[in-house]
1. I'd like the carbon and sulfur percentage of the solvent accessible area for the range B:97-292, probe radius 1.4 Å, heavy atoms only, ligands and nucleic acids excluded.
2. Any idea which of C:Val115, C:Val48, C:Tyr249 is furthest toward the positive side of the dipole for chain C, if Lys and Arg beta-carbons carry +1 and Asp and Glu beta-carbons -1?
3. Any residues in the range D:267-292 that have 30 Å² or more less accessible area with all protein chains than in their chain alone, probe 1.4 Å, and which are they?
4. So what's the angle, to the nearest 10 degrees on a 0 to 90 scale, between helix D:43-60 and the longest Cα principal axis of chain D?
5. Once every DSSP H run of n ≥ 4 in chain D is given -39500 (n - 2.57) and the sum is divided by its residues, what mean residue ellipticity at 222 nm do you get, rounded to the nearest 500 deg cm²/dmol?
6. Mind checking which lysines have their C-alpha under 23 Å from A:Lys13, skipping anything on the same chain fewer than 8 residues away?
7. Assign one of three labels to chain B, namely rounded, prolate or oblate, based on the Cα gyration tensor with a ≥ b ≥ c the square roots of its eigenvalues; rounded applies when a/c is under 1.5, prolate when it is not and a/b is larger than b/c, and oblate otherwise.
8. How much of the accessible area of chain D, in percent, comes from carbon and sulfur atoms when a 1.4 Å probe is used?
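The values are calculated or read from the model by the stated rules, or taken from the named source; none is laboratory data. All of these numbers come straight from a predicted model, not from anything done at the bench. With ideal geometry, Cβ positions are generated from the backbone for all residues, glycine too; neighbour counts draw on all protein chains shown. With ligands, DNA and RNA removed, areas are computed over all heavy atoms of the protein, side chains included. Shrake-Rupley method; radii C 1.70, N 1.55, O 1.52, S 1.80 Å.
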Amino acid sequence: MSGDAILKVRDLKRDYVIKGGIFTKPRILSAVKGVSFDVERGTTLAVVGESGCGKSTLARILTMIDPATAGTVEIDGQPIDIAKYGVSREMRQKVQIVFQNPYGSLNPRQKIGAVLEEPLLLNTDMPAAERRDAALAMLQKVGLKPEHYGRYPHMFSGGQRQRIAIARSIMLKPKLLVLDEPVSALDLSVQAQILNLLADLQEEFNLTYVFISHDLSVVRYIADKVMVMYFGEAVEYGTRDEVFDNPRHSYTKTLFAATPRADVNSIKARLAKRAA
Amino acid sequence: MLRFLVGRIGLLIPTFIGVTLVAFSFIRLLPGDPLDLLAGERGIDPERKAELLRQMGFDKPMWQQYLMYLGDILQGDLGTSFVSKKPVLTEFLTLFPATVELALCAILLAVLLGIPAGIFAAVKRGSFFDQSIMGTALVGYSMPIFWWGLLLIILFSGILQWTPVSGRISLIYFFPQDTGFMLIDSLRSGEKGAFASAVRHLILPSVVLATIPLAVIARQTRSAMLEVLGEDYVRTARAKGLSPLRVIGLHALRNALIPVITTIGLQVGVLLAGAILTETIFSWPGIGKWLVDSISRRDYFVVQGALLLIAAIVMIVNLIVDVLYGLVNPRIRHT
Amino acid sequence: MPLLEIRNLVVEFDTAAGPFRALDGVDYTVDAGEVLAIVGESGSGKSVAMLAVMGLLPDTATITADRMAFEGRDLATLSPKDRRQVIGKDISMIFQEPIASLNPCFTVGFQIGEVLKTHTRLSGSERAARVIELLKAVGIPEPERRLSSFPHQMSGGQCQRVMIAMAIACSPKLLIADEPTTALDVTIQKQILDLLLKLQAESGMGLIMITHDMGVVAETADRVVVQYQGRQMEEADVLSLFESPKHPYTKALLSALPENATGDRLPTVGDFRALFETAPKEATA
Amino acid sequence: MTEASATQTPATETAVAAKLASESRNATKAMLTEFWYYFSQNRGAVIGLAFFLALVVVAVFAPLVAPHAPDTQYRDSFLTPPVWEAGGKAAFLLGTDAVGRDILSRLIYGARYSLFIGVIVVTIALSGGIVLGVIAGYFRGAVDTFIMRVMDIILAFPSLLLALVLVAILGPGLTNAMIAIALVLQPHFVRLTRAAVLSERNRDYVVAARLAGAGNMRLMFKTILPNCLSPLIVQATLSFSSAILDAAALGFLGMGAQPPTPEWGTMLAEAREFILRAWWVVTFPGLAILITVLAINLVGDGLRDALDPKLKRS
């Protein structure tokens, strides 16, 4: 799997200028302070960190929502720089995103069919009937039914909405999917279903995932490679087993130690300590 | 807080310039040139007219005229009434206390009745009281106050003969009006019955003018309270074992007042617009009546001056409300 | 005598679509010094019972129970006034959204002091001293300075500490924590859980942890109640629950945990549903 | 494209399309049903709506409904009291005015003016307000600042004052009064639209639409605007009633519709001098204004309840 990196990121930086008032100078806030990583085709990179660590900023840069301040991003061999060149149709078809909150990511006034067809309508010359068939096929693929085509988002549960959001994101057959905490807002049982769906889709479409999460147990389950971010810096980067078995940075260790353990041995240890 | 205040004042400057532009353009936008309008049907001979136009600067380019106008304003010269020949500012200052007295009584009435009514309705949500209070408020909110005034006159002045029909005080009293506020002046005069007469004159106009603000404040208080009562911190206050009075009267009300204060501030405009109608109905010698009379007399410099002054008052009151808003809202005070 | 004893509690909400049964005959017992976890997904009614104990349910709720007793006193028959003397003093509660749970218009010091003022006879200066002591106990640095802070000037973790300080102000016998760490980052969650357990161990109070997170259950509980759609699925001590879950729903939940994944796919609750859902549950009209 | 479509014959193709279309209609219908359910929970709103519809019918068919022409002067019946008072005549149910015109007929014709004013004013204010508000909220920056400062200037003048002055410039009359009122009401729509756009524009679904390739126009008017309509609909209803009130006030001050137009406010102005002699000439026009405005405001409250997602979820 080496050499076939679909996403190459080098020394990526993103600063926000916080406007000053009349008496204060503008401040510069660095959300991402120079991160570099590669993601190989068909694999999953998990980006882990707590709120404010810059992982969402990273997601917005990778999906070309916001420009980077410095550094390079190369997707499928093509460098992107939206500040200079904007986003071409072709590039848009390569990267898509799935958001955390399935209640905010679907337009409340748009029926599901229109949600799924919108990317096709705007980026391809596909006739209406074909778009509809594509949408119907995709509904089925993500585990929904054809009769859901004409319904509004509020008629669905959180898990179903997340399926719709995932379906929308792969309508254009992207190469790279950025998943921004896609299961954090879901119940445990629904989370499992969505994780399974993501695994299936990855296999079927040979998708590459950048999976952003704060939940180490999910990351451990889904990731091939892991990057831990802390205050805008990548403090840990390596394969899943390297990172989980042998964390090097002290923050990673703190993070691991803080994650609750639900295995019998840990419970036994805790109870023994409590009894003592 | 200081930064907040400076920001607000900064916002006022462009608005004020805009307001002067509006007042300035008013005279220029009137159909026909101002002197024809002022002269009315009597007409004016062309030579005298050209002379006057030059005197008043109407022959200069627009931007120069505007700068002159701005300069005059900054020196407190808002023009002269064509009817009374007195400076507009002087006339305004003479009449303004009457309007302030009326408006203050009205807003006091509206706040003192509206806020408790709104709180009560919110706490007893869905009850008979809630429905009657809110029903009444909606009627008040829908009221054409010029008609409401007439109706009250028919009832209280016509049929019951309890209150006078017009004016600020009975004509039998005569005393110096130092402050311009009839309630204060009549008390200071020491004349028997003068204060009572002033109060009786004030009641109906105040009620009429208070009607819409009262309805708006009651409705806003209720909805703000309802929103706040559903907040997590109100649940926390209950979980602390506090009495309902403390939960509602302190924890909820303190937060609900924040939007209500904004609403009260917005009533200045409503009050001044209402004053135009109320003062006309009750022949109340304030700036509202002055303005309507000036428009019908085509005394356009008065209208121009009044336009500017009233807008300035609205802006100043809004600034005060903004400051108050900052004071009651710690999220603004401490940033 | 158990600290809190609830038998056959039923809570129904009046909704536009008719009555909705949020809790359908649940039992809880908590002893002094015990940590009980109530675990369930959304819609399981896991918070409803404790809100009923606290008297925090809205007017649309109808509460019936065979028994709902705190230290042997029947809570249902207490007058609102008597109940308020228990609530906030002997039983206190903290919530999921720490920042939203504090009143934005009052200082932290005022909000903690208010509890003492309501439930104790301490003088003003004694209260001030106690507030500082409490802030220290919950690990807030520079407590003297923090007294005059407003909630929006503090982080979520600090606000939750303030909430805890408020809750333990009168040394309660029972503390109810409703998803206390769900809104917080993992590292902060660890600190808050450790703090709660430390305070619990020191004071010997009963602690009820309401959570959706099996990890939190494993890290904190002595005993666990598993709920699903308003019904109690299983009650067991924490070790046996994780070691040998009895109920199919519990088994499903545990196997859906990614860390317990064995094969390529995660088993989902749906795979087990037929085993525990005899009839589809709906609003009983 | 897909297996399914590849194997489909044209006949099943249309069947599928028809089925989807009916499903889609059902979803729309379900939305409307739900909306009506919440609206009809508010009894006052339903009564208000019924009254309003009745008023529209009466206004449209005024010539058929009214017993007399609005401007016919019955010289034998000056200031005839209503039929139930001593001296009342059956021909004039609500009495006559000072020049012998039937008050009821004038009120019926007057409804036409009030509704017309409401419709025109709201249309102008709403369409202008939406365009300016969406532009300000979507683009932010200098455009936003400029638009909002201009709105601040308009809002610095009390509405009736500005309307009066505009009428003074344009000349008294119904058309000019409508233009003035529309201009005065416009800033409220701009502010409301802008606020709604600001709260929506950074939501995930807007970002998703942008990622799907939607351009500015599509994002503004197709993605964001439909989600901002609820407060605007409520505001439009309330503006409808305030337009009627303001027009009547202008008429009352002699600056709106001119006599002998049977506009309600103008009728009141004509009746003012008789207030202590003939209560009916004053009472009925005002009552007509009050009830009409009240009905519309009731509908507005009902719409707010039905459209407010916050109340809906609780």
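1. Details: 5490 of 7810 Å².
Carbon and sulfur together cover 70 percent of it.
2. The Cα lying farthest towards the positive end belongs to C:Val115.
3. The answer is D:Leu268, D:Arg272, D:Ile275, D:Leu276, D:Val282, D:Thr283, D:Leu290 - residues whose exposure falls by at least 30 Å² when every protein chain is included.
4. 70
5. Working: 13 runs with 225 residues, N = 314.
Calculated at 222 nm, the ellipticity per residue is -24000 deg cm²/dmol.
6. A:Lys25, A:Lys33, A:Lys55, A:Lys84, A:Lys94, A:Lys225
7. Values: a/c = 2.45, a/b = 1.51, b/c = 1.62.
Oblate, because a/c is 1.5 or more while a/b does not exceed b/c.
8. On the way: 8910 of 13450 Å².
Of the solvent-accessible surface of chain D, carbon and sulfur hold 66 percent.
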